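One structure below.
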């Protein structure tokens with residue numbers, strides 16, 4: 001199509017042409033163009049002067065591809081024959097909690113997203129991941145806070161060294177003012193003076209809840225909560241106190257670590273907290289000979305992805321500088337943003353931002369068993385395909401657990417003939433945002449990732465209907 005010159009373009013036609021060009025830009029997470037996503041705001045055109053102005057209002061100020069959006073917007077609109085100047089303002093949607101009625105009270109009411117960083121055992125580098133993730137999100141343009149939820153062994157005062165190292169309560173508002181370092185708000189039991197009134201409470205869970213909800217966090221895009229290790233009462237209390245937008249689980253490459261990771265994933269699933277990513281720490285190191293070594297083995301993280309459908313696995317290296325930065329009070333992503341670990345943290349930060357944005361907009365995937373049809377009814381809105389049916393026996397025969405697949409060799413040990421054609425589930429429960437747990441009538445519990453279900457042969461709808469009449 002040949003574009004009109006300046007004198008021939010009306011304002012209305014100019015706006016249509018600009019929107020048509022902007023609609024060429026696709027958001028890779030939502031699968032829609034930025035016009036359909038509602039990102040284009042305050043569009044104004046002056047064809048006579050050749051000027052175009054508009055804002056791109058993204059879901060978060062930390063959008064990892066905001067620079068790409070801006071560059072393409074200027075390029076595409078600037079190619080119109082009558083356009084001489086393109087002014088683009090990059091902004092973000094107004095901050096609001098993930099769910100307006102999630103019960104957030106006190107200092108949390110203006111926090112948009114709360115991210116859990118968890119591990120089921122200590123010594124895996126969870127706090128290192130939590131702190132560096134928080135500062136990565138801040139570097140991406142977000143307003144960020146960190147809450148150190150470990151009362152018995154708080155690590156934040158060691159890993160970050162703010163000038164003000166004591167928490168102070170405002171006597172009028174009865175809120176606690178977090179301390180701050182490099183633009184990130186910090187809260188930890190380790191910053192509380194011994195005997196301070198704000199620390200009174202008979203139980204650790206009560207102390208954590210008071211610190212978290214009584215803090216004057218202000219407006220934050222992301223609050224990163226560094227969980228204490230384990231899956232006990234403290235962790236459950238945290239999940240019950242506030243609504244978490246997503247969780248990141250930290251582990252190590254050993255296959256034995258898989259059991260602990262599975263516990264964490266199931267705990268968050270029970271509390272309706274989707275797991276956005278797994279961070280595999282101490283994954284490798286690069287030798288002086290240029291070879292990459294994996295001293296603790298490989299494959300555990302891949303199994304987590306396969307068994308639970310968690311889409312993202314980020315590998316972090318063994319690096320003395322990473323530990324030294326944590327001990328020195330200055331996170332590595334701040335002291336050396338061009339380092340290899342900093343690149344991995346940038347990858348993790350982008351994953352968290354994009355997954356949380358998708359969770360905020362997308363409809364949830366769903367699987368249910370229809371007893372009349374004798375079939376699983378699967379709805380995967382993100383895939384763009386219509387609702388489809390799966391035969392229970394097909395699902396059962398594609399189980400990927402250790403009872404069906406040799407966890408060391410990957411060979412299938414389940415004999416398909418041992419699965420009856422009329423097998424039926426006892427219950428189906430969601431397991432986070434990426435899988436369901438199917439409890440079969442013979443006692444087997446199968447974790448079925450949506451990605452696995454999407455690849456199974458569909459049951460003919462007419463057969464399902466016919467089965468309902470038997």
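The values are calculated or read from the model by the stated rules, or taken from the named source; none is laboratory data. Fair warning: this is a prediction, and the values are worked out from it, not measured in the lab. Virtual Cβ from ideal backbone geometry, glycine too; neighbours counted across all protein chains shown.
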> Taking residue 309, is it touching a helix residue (DSSP H, G or I) at 6+ places or on another chain (Cβ under 8 Å) and under 23 Å from residue 366 (Cα atoms)?
Replying inline: yes
>> I need the helices (runs of 4 or more DSSP H) fully contained in the range 302-370, keeping only those with at least 3 residues that are more than 23 Å from residue 140 (Cα to Cα) and at pLDDT below 90.
In response: 320-328
>> When you check residue 103 against the structure, is it more than 23 Å from residue 246 (Cα to Cα), modelled with pLDDT under 95 and part of a loop (DSSP other than H, G, I, E, B), yes or no?
In response: no
> What is the number of the single condition among (1) farther than 22 Å from residue 434 by Cβ; (2) under 24 Å from the mean Cα position of the chain (by Cα); (3) assigned to a helix (DSSP H, G or I) that residue 282 does not meet?
Replying inline: (3)
>> Give me the residue from the range 1-26 that is at pLDDT 90 or above and touching a helix residue (DSSP H, G or I) at 6+ places or on another chain (Cβ under 8 Å) and, out of that set, surrounded by the fewest Cβ atoms within 10 Å (Cβ to Cβ).
In response: 24
>> Test of understanding: among 187, 159, 199, which residue is at pLDDT below 80 and assigned by TED's automatic domain parsing to the domain that holds residue 335?
In response: 199
> Which residues, counting only those in the range 431-444, are free of Cβ contacts under 8 Å to residues at least 40 places away in the same chain and more than 15 Å from residue 376 (Cβ to Cβ)?
Replying inline: 442, 443
> In the range 394-421, which residues are touching a helix residue (DSSP H, G or I) at 6+ places or on another chain (Cβ under 8 Å), under 15 Å from residue 442 (Cα atoms) and touching a residue at least 24 places away in the same chain (Cβ under 8 Å)?
Replying inline: 395, 419, 420, 421
>> For the list (1) over 30 Å from residue 164 (Cβ atoms); (2) touching a helix residue (DSSP H, G or I) at 6+ places or on another chain (Cβ under 6 Å), I need the number of the one condition that residue 351 fails.
In response: (2)
> Counting just the residues of the range 416-445 that are modelled with pLDDT under 90 and not in a loop (DSSP other than H, G, I, E, B), which one comes out surrounded by the fewest Cβ atoms within 10 Å (Cβ to Cβ)?
Replying inline: 429
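Quick check, is residue 77 modelled with pLDDT of 95 or more, buried (at least 16 other Cβ atoms within 10 Å of the Cβ) and assigned to a strand (DSSP E or B)?
Judged against the criteria, residue 77 is not a match.
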> What number goes with the only condition from (1) modelled with pLDDT of 85 or more; (2) in contact with a helix residue (DSSP H, G or I) (Cβ under 7 Å, 6 or more places away or on another chain); (3) surrounded by fewer than 24 Cβ atoms within 10 Å (Cβ to Cβ) that residue 255 does not pass?
Replying inline: (1)
> What are the residues in the range 265-279 that are outside any helix (DSSP H, G or I) and in contact with a strand residue (DSSP E or B) (Cβ under 7 Å, 6 or more places away or on another chain), if any?
Replying inline: 273, 274, 275, 276, 277, 278, 279
